[in-house]
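The values are calculated or read from the model by the stated rules, or taken from the named source; none is laboratory data. This one's a predicted model, so the numbers in the text were calculated from it and none came from an experiment. A quick note on method: Cβ atoms are made from the backbone with ideal geometry, for glycine too, and the neighbour counts reach across all protein chains shown. Heavy atoms of the whole protein, side chains included, go into the accessibility calculation; ligands, DNA and RNA do not. Shrake-Rupley method; radii C 1.70, N 1.55, O 1.52, S 1.80 Å.
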Amino acid sequence: MCAEYATFGLAPAVRAGGVLANGDYQLHRDFVDFIVDGRPLLFQLSDLDAVSPLASDIPPAIFTAQVRALLLEAEAPLPGGRYVIYGCPECEGIECGAVTAAIDKADDGSDDFVWRDFAWQTDEHADLELNGYHGIGPFRFRGAEYRSALQSLLDRQEPAPRRVLLIGARVAVLAKLAAALRTIGIGAEITTDAADVPADELRTYGAVAFGRAVSEGQRAAVRGAFKRAGVDVAYVDGLAPIIPLLVAQIEHALDRSPLEQRRLTRLVAADGEAGVEVSSTCRVQLTAYRLDRLYRTHTHEVFDDILEPGKHRIALDAKATKGESFIVARTTDSVLVAPMAR
């Protein structure tokens, strides 16, 4: 099969972590995705929950080795000159399944690189007939463009911090929130005043989350401290003392990937309906959280299905959204939160 030229690029991406409706935890992973012809390659693989081998939380030596391998400066890790393109976000074992491809130099003597024979593997040998992605590739990348993109990673700056500063009056809620964030791989600290925190420490935070009881004066003081330190952070106004909801808000705040490279791009909730917009075919899960008159939390999984690209209106169970309620929309790479408007 003749490989057609395609553009090659890289962009920051996220595998969204969170506290799921059934109480399970899902790890947060930051990684670099492959952009082929202006679109994330991962989006062409249906609704795959996976990350590239260029993850920000792996040791620098391993990260460098992964880049060198994609440049064909190291031996292929799998038989047949095959390389892992996407793997399990929870572990490093190929037993969980991985998307692999053969990577070669073009056979016409040019400096071009070719990615071909994409397949799903669960052991060392790929069965292209049974598990091949027959509609994807082969892709031919111009050598200069390909090398430049990957070489830039070797001189990369440190990724944006994944630590969160939690500020609020309800210490018990903050402690539970911090524990949940740490479980999914996001650092969290609790304070009541950031005025005396050294600037170097403030620079380690990527977001600040305020509880509902924090006054506007306190919020302004915190923002002032970060501004004086020259730190650009995301600010989160906690919607309710519901741990999975707050985790979802913080996940969204920490997501610095380009909007055009996310699957989930919009969520609104009003009058018993959710409006959802997705950029590619993917599985979307909607969870409703509500507080009753005694401030007890009720959780309802209200939607879980595959959606085609575009805008969708989804009717929600009236029982799940009465009173003070909130909707969390989740795909593998994105999380959005919206209060239910009346």
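Could you work out what % of the accessible surface of segment 257-341 is carbon and sulfur, using a 1.4 angstrom probe and leaving DNA, RNA and ligands out of the count? Spell out each step's value before the answer.
Details: 1970 of 4120 Å².
Ligands and nucleic acids excluded, carbon and sulfur reach 48 percent.
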- request: Would you calculate a helix-derived [θ] at 222 nm for the chain, using -39,500 (n - 2.57) for each DSSP H run of n ≥ 4 and dividing by the full residue count, to the nearest 500?
  value: -6000 deg cm²/dmol
query: Taking the highest mean first, how do the peptides 327-339, 290-302, 205-217 order by number of other beta carbon atoms within 10 angstrom per residue?
result: 327-339, 205-217, 290-302
task: Using amide H atoms built 1.01 Å from N in the peptide plane, name the residues 5+ places from Cys282, or on other chains, whose amide H lies under 5 Å from its own.
output: Leu307
task: Sequence neighbours fewer than 8 away in the same chain don't count; with that in mind, list the aspartates and glutamates whose C-alpha is under 14 Å from Lys322.
output: Asp271, Glu273, Asp292
task: Read phi for every residue in segment 30-45 and hand back ³J(HN,Hα) as whole Hz from Karplus 6.51 cos²θ - 1.76 cosθ + 1.60, θ = phi - 60°, with x for Gly and Pro.
output: 9, 8, 9, 9, 8, 9, 10, 6, x, 9, x, 4, 4, 5, 7, 10
message: Tell me the per residue accessible area of the chain using a 1.4 Å probe; a whole number in Å² is fine.
response: 48
query: Candidates (i) 22.0, 73; (ii) 25.7, 85; (iii) 20.4, 59; which is the computed Rg and Dmax of the Cα atoms in Å?
result: (i)
field: On Cα atoms only, tilt of 216-228 relative to the major axis of the chain in degrees
entry: 40
- line: Lys and Arg at +1, Asp and Glu at -1: neighbours of Pro89 with Cβ under 12 Å from its Cβ sum to -4
query: Helix 60-70: angle to the longest alpha-carbon principal axis of the chain, degrees 0 to 90, nearest 10?
result: 40
- line: segment 274-305 scanned against label point 7 Å out from Glu324 along Cα→C-beta; backbone N under 16 Å for 289-299
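Rg to Rh for segment 273-342: what is it, with Cα atoms only and Rh by Kirkwood? Intermediate values should be presented prior to the final figure.
Values: Rg = 12.4 Å, Rh = 12.5 Å.
Radius of gyration relative to Kirkwood radius: 0.99.
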Using θ = phi - 60° and Karplus 6.51 cos²θ - 1.76 cosθ + 1.60, couplings along segment 311-316 (whole Hz; Gly, Pro as x): 9, 9, 10, 10, 6, 10
message: Given a 10 angstrom Cα cut-off, can you work out which residue in Ala74, Ala225, Ala98 is the most mobile in a GNM of the chain?
response: Ala74
